[in-house]
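Trainee: Before we start, here is the structure in question, set down as structure tokens.
The values are calculated or read from the model by the stated rules, or taken from the named source; none is laboratory data. These numbers come from a predicted model, not from an experiment. In this analysis, Cβ positions are derived from the backbone assuming ideal geometry, glycine residues included, and neighbour counts consider all displayed protein chains.
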Amino acid sequence: MVTIRSAGIAAIPVIRSIAQRSWAEAYKDILQPDQMSYMLEKFYSLAALDHQFNVLKYKTVLALDNNQPVGFATYSPKENARDVFKLHKIYLLPEQHGRGTGRYLLEHIIEDIKNHQANILELNVNRFNKARSFYEKLGFRIVEEVDIPIGNGYFMNDYVMQKSI
């Protein structure tokens, strides 16, 4: 049975482990190994995660299957948009794909942000990521195409997607 619980800074090792395993599968055909390593370090180093928890105040939740961590998500209010929340990250271990865990995790987040008067949940997804179809099935639609420089000559080539809630 999958459950969702809030995660604090003590969950950083679990988050890093899930990110490494899920990225290896999700981006193997999209990113070159050097870019994947760069991005994992940029977004999932101890310092980066500490910053996300303590400075940016991202809310983080873990998905647990029989009390074992199998996924996580981070989200926060979007800057300068009181009724929009941004889903920064959502990743599951590859063996969880197709089991309803991602949907359950997103439904939990949507219920939480409704309590904060959110009307829209927004996310970025790599334009070549298969997860795009998952988001579309859940009612997200593409509202913008962006190329975001992240350093070292790399870009995140994303779609911005939104779902009205």
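Trainee: When you go through TYR135, TYR159 one by one, which is the residue that is in contact with a helix residue (DSSP H, G or I) (Cβ under 9 Å, 6 or more places away or on another chain) and outside any strand (DSSP E or B)? Please lay out each step first, then the result.
Mentor: Details: TYR159 fails: outside any strand (DSSP E or B).
TYR135 is the lone residue from the list that is in contact with a helix residue (DSSP H, G or I) (Cβ under 9 Å, 6 or more places away or on another chain) and outside any strand (DSSP E or B).
Trainee: Follow-up question, since we're still on this one. Taking GLY71 as the residue in question, decide whether it is among the small types (Gly, Ala, Ser), in a strand (DSSP E or B), surrounded by 15 or more Cβ atoms within 10 Å (Cβ to Cβ) and within 15 Å of the chain's Cα centre (by Cα).
Mentor: Values: among the small types (Gly, Ala, Ser): yes; in a strand (DSSP E or B): yes; surrounded by 15 or more Cβ atoms within 10 Å (Cβ to Cβ): yes; within 15 Å of the chain's Cα centre (by Cα): yes.
For GLY71, the condition - among the small types (Gly, Ala, Ser), in a strand (DSSP E or B), surrounded by 15 or more Cβ atoms within 10 Å (Cβ to Cβ) and within 15 Å of the chain's Cα centre (by Cα) - is met.
Trainee: Looking at the stretch 143-155, is at least one residue at positive phi, outside any strand (DSSP E or B) and either exposed (fewer than 13 other Cβ atoms within 10 Å of the Cβ) or free of Cβ contacts under 8 Å to residues at least 40 places away in the same chain (or both)?
Mentor: yes
Trainee: Could you tell me whether LEU56 is free of Cβ contacts under 8 Å to residues at least 60 places away in the same chain and outside any helix (DSSP H, G or I)? Lay out the reasoning, then the answer.
Mentor: Working: free of Cβ contacts under 8 Å to residues at least 60 places away in the same chain: yes; outside any helix (DSSP H, G or I): yes.
Yes; evaluated as a whole, the condition is true for this residue.
Trainee: Return the residue satisfying two criteria in turn: it lies in the stretch 74-86 and is part of a strand (DSSP E or B) and out of contact with any Lys or Arg (no Cβ under 9 Å at 6 or more places or on another chain), and of such residues it is surrounded by the fewest Cβ atoms within 10 Å (Cβ to Cβ). Give the steps one after another, and end with the answer.
Mentor: Looking only at the stretch 74-86, we keep the residues that are part of a strand (DSSP E or B), and these are 74-78, 81-86.
With the extra rule that they be out of contact with any Lys or Arg (no Cβ under 9 Å at 6 or more places or on another chain), the set shrinks to 81-83.
On the way: ALA81: 13, ARG82: 11, ASP83: 13.
The extreme case among them is ARG82.
Trainee: Inspect the stretch 75-91 for any residue being farther than 21 Å from GLN162 by Cβ, under 16 Å from the mean Cα position of the chain (by Cα) and not aromatic (Phe, Trp, Tyr) and give the result as yes or no.
Mentor: Of all residues in the stretch 75-91, those farther than 21 Å from GLN162 by Cβ come to none.
Looking for residues that are farther than 21 Å from GLN162 by Cβ, under 16 Å from the mean Cα position of the chain (by Cα) and not aromatic (Phe, Trp, Tyr), one finds none in the stretch 75-91, hence no.
Trainee: If I ask for residues that are hydrophobic (A, V, I, L, M, F, W, C) and either touching a helix residue (DSSP H, G or I) at 6+ places or on another chain (Cβ under 9 Å) or part of a strand (DSSP E or B) (or both), which ones from the stretch 87-131 would you list? Talk me through it step by step, then tell me what you get.
Mentor: Quick first cut of the stretch 87-131, residues hydrophobic (A, V, I, L, M, F, W, C) only: 87, 90, 92-93, 105-106, 109-110, 113, 118, 120-121, 123, 125, 128, 131.
Of everything in the stretch 87-131, those that are hydrophobic (A, V, I, L, M, F, W, C) and either touching a helix residue (DSSP H, G or I) at 6+ places or on another chain (Cβ under 9 Å) or part of a strand (DSSP E or B) (or both) turn out to be LEU87, ILE90, LEU92, LEU93, LEU106, ALA118, ILE120, LEU121, LEU123, VAL125, ALA131.
Trainee: Being more than 16 Å from the chain's Cα centre (by Cα) and of a type outside the set (A, V, I, L, M, F, W, C) is the filter; apply it to the stretch 108-129 and report the residue that is surrounded by the fewest Cβ atoms within 10 Å (Cβ to Cβ).
Mentor: ASN115
Trainee: Can you tell me which residues in the stretch 1-53 are modelled with pLDDT of 95 or more, part of a helix (DSSP H, G or I), in contact with a helix residue (DSSP H, G or I) (Cβ under 9 Å, 6 or more places away or on another chain) and closer than 20 Å to ASP158 by Cβ?
Mentor: ALA19, SER22, TRP23, MET36, MET39, LEU40, GLU41, LYS42, PHE43, TYR44, ALA48, GLN52
Trainee: Now for a different question. Can you work out which of the residues in the stretch 117-164 that are aliphatic (A, V, I, L, M) and in contact with a Ser or Thr (Cβ under 9 Å, 6 or more places away or on another chain) is farthest from SER22 (Cα to Cα)?
Mentor: Of the stretch 117-164, the ones aliphatic (A, V, I, L, M) are 118, 120-121, 123, 125, 131, 138, 142-143, 146, 148, 150, 156, 160-161.
Right, trim to in contact with a Ser or Thr (Cβ under 9 Å, 6 or more places away or on another chain) and you get 120-121.
Working: ILE120: 26, LEU121: 22 Å.
The extreme case among them is ILE120.
Trainee: Are there any pairs with C-beta distances below 7 angstrom linking a residue in the stretch 63-78 that is under 13 Å from ALA11 (Cβ atoms) and free of Cβ contacts under 8 Å to residues at least 40 places away in the same chain to a residue that is of a type outside the set (Val, Ile, Thr) and assigned to a loop (DSSP other than H, G, I, E, B), with the two at least 6 apart or on different chains, and if so which?
Mentor: Between residues of the stretch 63-78 that are under 13 Å from ALA11 (Cβ atoms) and free of Cβ contacts under 8 Å to residues at least 40 places away in the same chain and residues that are of a type outside the set (Val, Ile, Thr) and assigned to a loop (DSSP other than H, G, I, E, B), the close pairs are THR74/TYR58.
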